[in-house]
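Notes follow the structure.
The values are calculated or read from the model by the stated rules, or taken from the named source; none is laboratory data. For clarity, every value in this text was computed on a predicted model and none was experimentally measured. Neighbour counts run over all protein chains shown; Cβ positions are idealised from the backbone, glycine included.
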């Protein structure tokens, strides 16, 4: 983690906050973690409780779902990308206002370095396992017992059996569970509870908002019938310490600068933490839609985040006034950050899964196209001229005919070069999604500050 954001070295706990908290994990992906987390968040919200939800790892789509279910902001927690101090501070701030904290894991419990289990152990979060039990009975109990005993430092407090076939099915699993891991709930096989998916994960919340409401409420009723809300609220509180930066100093300043941020059905992969750090640096954020708007907002820099431009390439190409406005912005030498889908928008052309090619902005030479089910994902550090910023890649597209990159991402643990980083005038483009809080000074330079001397430190502390 960058020293500019609540560094651990030299930090001292300033305050503590406590509330019940639970980590929702699973033995693998696709077990129903998000479905259960969203249903539980909605149940507690319906009961008048404040539930704060976090998502482990660099996920964009699950947080959109969880924001709608909980009615509260949802932040990412990741020990590598964000760092321990950042995670600790976010949990502390949530505990000050919440009746319950939910943390949804990523992949399987022990997958990745650091894993969901590492995060749960670091902050003393009790674990609830969600498991799709279709096609097994006592074996589900054996898997839970194996997870519970695999390593020290974690505590599994219960099982939620998803896709349970019958009451007898539940009884067979429950009777075989270790005494220390009770059956907390069993959800029947019900397609009306599952969340719709597409090639990069769940369908975006804004596209199916009414449908999601129906699924949230159905899930909430099912969990309430099992008494899961009361079981979790009775868990002993977890205490979280605040982190105050002693050696880090204050955030750099983007005071007075306006950042235009593309946000619509084509561009929505936006970390809330990135918006927060821009605002804490004094910038104003103005959203616009490359699909619907005819002109840019008055702004000093543009951020074109990732999303699904391949699903909307024809509409993007048809909005010539917007494309002309962005081209003029680029020609004027103003900074543009284009990430993944935003980078595809900046190429000469883009073809979706229907293989039809459409003209794009042409700010960066190259052609983008989709490549079926195979893809690229993983943690990397973007080695920018402005400074290193930790980031993540997740895409199923290819960019051909691009210029020579100025740099590459540095992979978390593999020596091979990571994603290419391109620059054309003040356009910076890459498949990498940057996590701004890792290095706010680099982001400040990227989005407007011309030299290090231009980055002024405001009085507010980085953690506040």
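Miscellaneous remarks
- Condition broken by residue 120, with the remaining ones in (1) closer than 14 Å to residue 33 by Cα; (2) buried (at least 23 other Cβ atoms within 10 Å of the Cβ) satisfied: (1)
- One residue from 184, 177 being more than 25 Å from residue 74 (Cα to Cα), surrounded by 15 or more Cβ atoms within 10 Å (Cβ to Cβ), modelled with pLDDT of 80 or more and over 20 Å from the mean Cα position of the chain (by Cα): 177
Matching residues to (1) in contact (Cβ under 8 Å) with a residue 12 or more places away in the chain; (2) assigned by TED's automatic domain parsing to the domain that holds residue 179; (3) surrounded by fewer than 23 Cβ atoms within 10 Å (Cβ to Cβ):
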| position | (1), (2), (3) |
| --- | --- |
| 106 | yes, yes, no |
| 124 | yes, yes, yes |
| 127 | yes, yes, no |
| 133 | yes, yes, no |
| 145 | yes, yes, yes |
| 148 | yes, yes, yes |
| 152 | no, yes, yes |
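- Filter pass, residue 117 being more than 13 Å from residue 56 (Cα to Cα) and either at pLDDT 95 or above or part of a helix (DSSP H, G or I) (or both): no
- The condition of being free of Cβ contacts under 8 Å to residues at least 12 places away in the same chain and assigned by TED's automatic domain parsing to the domain that holds residue 446 holds for only one of 332, 338, 351, that being 332.
- In the condition set (1) part of a helix (DSSP H, G or I); (2) touching a helix residue (DSSP H, G or I) at 6+ places or on another chain (Cβ under 8 Å); (3) farther than 12 Å from residue 104 by Cβ, residue 85 is compliant with all but (2).
- Residue, surrounded by the fewest Cβ atoms within 10 Å (Cβ to Cβ), within the range 315-337, restricted to residues that are under 11 Å from residue 360 (Cβ atoms) and in contact with a strand residue (DSSP E or B) (Cβ under 9 Å, 6 or more places away or on another chain): 317
- Which numbered condition residue 144 misses (of (1) at positive phi; (2) modelled with pLDDT of 95 or more): (1)
- When the range 120-143 is filtered for residues that are assigned to a helix (DSSP H, G or I) and under 27 Å from the mean Cα position of the chain (by Cα), the ones remaining, listed by number, are 120, 121, 122, 123.
- Matching strands (runs of 3 or more DSSP E) fully within the range 311-417 where at least 1 residues are under 20 Å from residue 269 (Cβ atoms): 336-339, 349-351, 367-370, 376-384, 387-395, 397-400, 407-411
- Residue check, residue 67 under 14 Å from residue 33 (Cβ atoms) and not in a loop (DSSP other than H, G, I, E, B): no
- Close pairs (9 angstrom Cβ cut-off, 6 or more residues apart or separate chains): outside the structural domain of residue 76 (by TED's automatic domain parsing) and part of a helix (DSSP H, G or I) in the range 275-289, surrounded by fewer than 19 Cβ atoms within 10 Å (Cβ to Cβ) and modelled with pLDDT of 95 or more anywhere: 275/285; 278/284; 278/285; 279/285
- When each of 68, 76 is tested for being buried (at least 23 other Cβ atoms within 10 Å of the Cβ), in the same structural domain as residue 230 (by TED's automatic domain parsing) and at pLDDT below 95, the lone residue that passes is 76.
- Residue satisfying condition, being surrounded by fewer than 15 Cβ atoms within 10 Å (Cβ to Cβ), modelled with pLDDT of 95 or more and in contact with a strand residue (DSSP E or B) (Cβ under 7 Å, 6 or more places away or on another chain), within set 403, 417, 388: 403
- Meets criteria (surrounded by fewer than 24 Cβ atoms within 10 Å (Cβ to Cβ), under 21 Å from residue 281 (Cα atoms) and either at pLDDT below 95 or under 27 Å from the mean Cα position of the chain (by Cα) (or both)) for residue 441: yes
- Per the listing 323, 343, the residue uniquely touching a residue at least 12 places away in the same chain (Cβ under 8 Å) and farther than 14 Å from residue 420 by Cα is 323.
- Looking only at residues of the range 354-377 that are crowded, with 17+ Cβ neighbours inside 10 Å and in contact (Cβ under 8 Å) with a residue 40 or more places away in the chain, we find that the one that is farthest from residue 274 (Cα to Cα) is 358.
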